[in-house]
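These notes are about the structure you will find just below.
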Amino acid sequence: MNTQEALQVLKPEEATLEALKQAYRAAARKYHPDINPYGEELMKLVNAAYDLLVSSLGEWAIHENAAEGPGEMSLDEEMSGILSKIGHLPGLLFEICGTWLWVTGNTYLHRQALKDAGLFFAPKKKAWFWRPPESKTSSRGQWDLDKIRTVHGSRTIKTQSLQGLNA
């Protein structure tokens, strides 16, 4: 299940934790096996959707609340700015998972440039990452990159497409 599917299951009215809890309670009242004898599988789906949306609240809230005030940078602009700083460095692989940017490959040679660009090193994953300030994690680093890719999706950025950012 991905974030969009989970949003379709629960359909919260707003991109807030409180609205998500209200949507979960409404679905639980409707599908709980004590109330609906045929709701056991549906309740499992509701629970899975809720767990996913709570763990990725920052990601889908950013997409839901895309209206920004004047002078605020969008997520695409922020990430483009970071990629323009580090996209030219040889031996790096760039991947977007949800709203996070992950950098792998031969990063040791470029560790100071990555740090200067605002990225952080995740030692368990042996990868560098950047995330928007609103995008917090609840897993506390327990997930590996494969699980992150599965839950949030993954898009690899080709280094050829970064050449235009450096111009």
Checked against the positive end of the charge dipole of the range 3-64 (+1 on Cβ of Lys and Arg, -1 on Cβ of Asp and Glu, about the Cα centre), the farthest of Ser56, Gln4, Leu20 is Leu20
For the range 6-38, run through the GluC sites (Glu not before Pro) and keep only the ones in DSSP coil with at most 13 other Cβ atoms within 10 Å of their Cβ.
Glu13, Glu14
Over 28 Å (Cα to Cα) among Lys21/Lys126; Lys44/Lys124; Lys11/Lys44; Lys44/Lys125; Lys21/Lys85 -> Lys21/Lys126; Lys44/Lys124; Lys44/Lys125; Lys21/Lys85
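Coordinate-derived values only; no laboratory data. From a predicted model like this one, the values you see are computed outputs, not experimental measurements. Counting neighbours? That spans all protein chains shown, and the Cβs are built from the backbone with ideal geometry, glycine included.
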